[in-house]
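For reference, the structure discussed in these notes is given below.
Computed from the coordinates by the stated procedures, all read-outs in this text should not be read as laboratory data. The structure presented is a predicted model; accordingly, all values stated were derived computationally and were not measured. Every residue, glycine among them, receives a Cβ derived from its backbone with ideal geometry; neighbour counts consider all protein chains shown.
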Amino acid sequence: MSLIPKSHPRAKSLLIREKLVVGFDNGLVAKEGLLAHGRGEAFDYLLGEKTGKAALQAIRAAAAQILVAEMPVISVNGNIAALCPKQIVKLSKQIKAKLEVNLFYVNEKRKQAIIKTLKKNGANEILGSKITSSKKLPGIDSARRIVDKDGIFVADVVIVPLEDGDRTMALRKAGKTVITFDLNPLSRTSQTANITIVDNVTRAIDLLINESKKLSKKNKKSLQKIIDDFDNKKNLRENIIQIKNNLTRSAKIA
Ligand code: ATP
Ligand code: MG
């Protein structure tokens with residue numbers, strides 16, 4: 001039971017924070033994951049805590065990209081398992097993408113806790129847990145480059161919500177098409193990914209599920225056109241302008 005009153009003006013944000021704290025207490029989230037969330041919250045505030053036009057365009061492009069993929073894989077970390085386990089499993093089933101647990105701060109116990117949570121939320125197969133299946137991605141150092149030989153290693157499209165910049169770069173260098181959710185349009189991940197959804201993953205994930213359902217009726221050619229018409233750099237600029245406009249408006253009121 002949540003202790004946050006619904007009437008609190010910041011109830012939504014506090015409820016999301018509470019999920020992270022519960023996730024931390026249950027061994028899903030790393031301490032650093034709490035800090036990463038704080039950085040995300042700050043950008044969410046600046047973005048107006050709602051899904052903007054630019055994010056909707058990125059969600060549409062991401063859905064099209066996922067639908068044309070031969071082998072999409074969703075990378076799951078502790079924050080995602082704490083914030084939206086049900087939705088991430090739902091997305092994986094809908095788009096026929098494999099789930100792989102891939103942690104920045106490698107920790108076997110935490111990995112098992114994440115797997116358990118995903119299973120509890122309906123996941124069947126979860127990659128990334130067997131040592132015998134590990135493969136190394138070139139381009140980054142030691143433990144952080146381990147991926148599953150049947151998952152990210154052979155994927156053509158990788159969905160990496162809340163990822164680190166180094167690893168995003170390594171995935172790009174390995175020839176993967178990368179889709180990310182990242183509230184900070186300035187992060188290296190945002191700048192490096194092919195498609196960056198600048199929105200809170202807790203809001204955008206349902207929109208991505210709905211959009212991929214909607215677009216699944218389209219043929220490959222029209223999906224490819226949606227992808228080709230999308231320009232990630234331009235989209236990131238629009239998000240930065242959104243922040244600038246929000247700040248300008250606030251400065252006038254203050
Ligand atoms: P990078 O390594 O890409 O330069 P960083 O080092 O600033 O980024 P990391 O901790 O590596 O940050 O990555 C976490 C990212 O996840 C941050 O950019 C943060 O804004 C984003 N983030 C945190 N919580 C959420 C959330 N709920 N939804 C979307 N993005 C989030
Ligand atoms: Mg980082």
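With an 8 Å cut-off on Cα pairs and a minimum separation of 6 or more residues, tell me the relative contact order of the chain in percent.
Answer for the chain is 24 percent.
Among the aspartates and glutamates, select those whose C-alpha is under 15 Å from the C-alpha of K98, and discard any that sit fewer than 8 residues away in the same chain.
Partners within reach: E70, E125, D148, D150, D156.
For Cα pairs less than 8 Å apart in space and 6+ apart in sequence, what is the mean separation divided by the residue count of the stretch 113-254, i.e. the relative contact order in percent?
Relative contact order here is 14 percent.
Place the peptides 231-238, 204-211, 152-159 in order of packing, highest mean first, counting for every residue the other Cβ atoms within 10 Å and averaging per peptide.
Working: 231-238: 15.2, 204-211: 19.5, 152-159: 22.9.
The densest-packed peptide leads the list: 152-159, 204-211, 231-238.
Just from its helices, what would the mean residue ellipticity at 222 nm be for the chain, if runs of 4 or more DSSP H residues each count -39500 (n - 2.57) and the sum is divided by every residue, rounded to the nearest 500 deg cm²/dmol?
Helix contribution divided over all residues of the chain: -17000 deg cm²/dmol.
By per-residue mean of other Cβ atoms within 10 Å, what is the highest-first order of 193-199, 119-125?
Ranked by mean Cβ neighbours within 10 Å, highest first: 193-199, 119-125.
Applying 1/(1 + (r/R0)^6) with R0 = 45 Å to the Cβ-Cβ distance of N246 and S129, what FRET efficiency is obtained, to the nearest 0.05?
Using R0 = 45 Å, I get an efficiency of 0.60.
Among DSSP bridges having both ends in the stretch 53-244, what percentage is antiparallel? Round to the nearest 5. Can you show the working numbers first?
Details: 3 of 18 bridges.
Around 15 percent antiparallel, to the nearest 5.
Roughly how far apart, in whole Å, are the Cα centres of the stretch 1-50 and the stretch 171-210?
Centre-to-centre distance over Cα atoms comes out at 19 Å.
Taking θ as phi - 60°, what are the ³J(HN,Hα) couplings along the stretch 231-238 by the Karplus curve (6.51, -1.76, 1.60), each to the nearest whole Hz, with x for Gly and Pro?
Computed from phi, the couplings for the stretch 231-238 are 10, 4, 4, 5, 5, 5, 4, 5 Hz.
Which of S129, L215, A113 sits farthest toward the positive end of the charge dipole of the stretch 53-244, with +1 on the Cβ of Lys and Arg and -1 on the Cβ of Asp and Glu?
The one lying farthest along the dipole's positive direction is L215.
In nm, to one decimal, how far is the A11 label point from the K213 one, both placed 7 Å along Cα→Cβ?
Between A11 and K213, the label points sit 2.5 nm apart.
Quick one: putting +1 on the C-beta of Lys and Arg, -1 on the C-beta of Asp and Glu, what dipole do you get for the chain around its Cα centre, in Debye to the nearest 20?
Values: 46 positive and 25 negative charges, 96 e Å.
It works out to roughly 460 debye.
Got a sec to turn the phi values of the stretch 76-90 into Karplus ³J(HN,Hα) couplings, 6.51 cos²θ - 1.76 cosθ + 1.60 with θ = phi - 60°, whole Hz, x for Gly and Pro?
10, 10, x, 4, 5, 5, 7, 7, 8, x, 5, 5, 5, 5, 4
Can you work out the Karplus-derived ³J(HN,Hα) for every residue in the stretch 35-45? Use 6.51 cos²θ - 1.76 cosθ + 1.60 with θ = phi - 60°, whole Hz, and x for glycine or proline.
Result, ordered by residue: 5, 4, 5, x, 5, x, 4, 4, 5, 4, 4 Hz.
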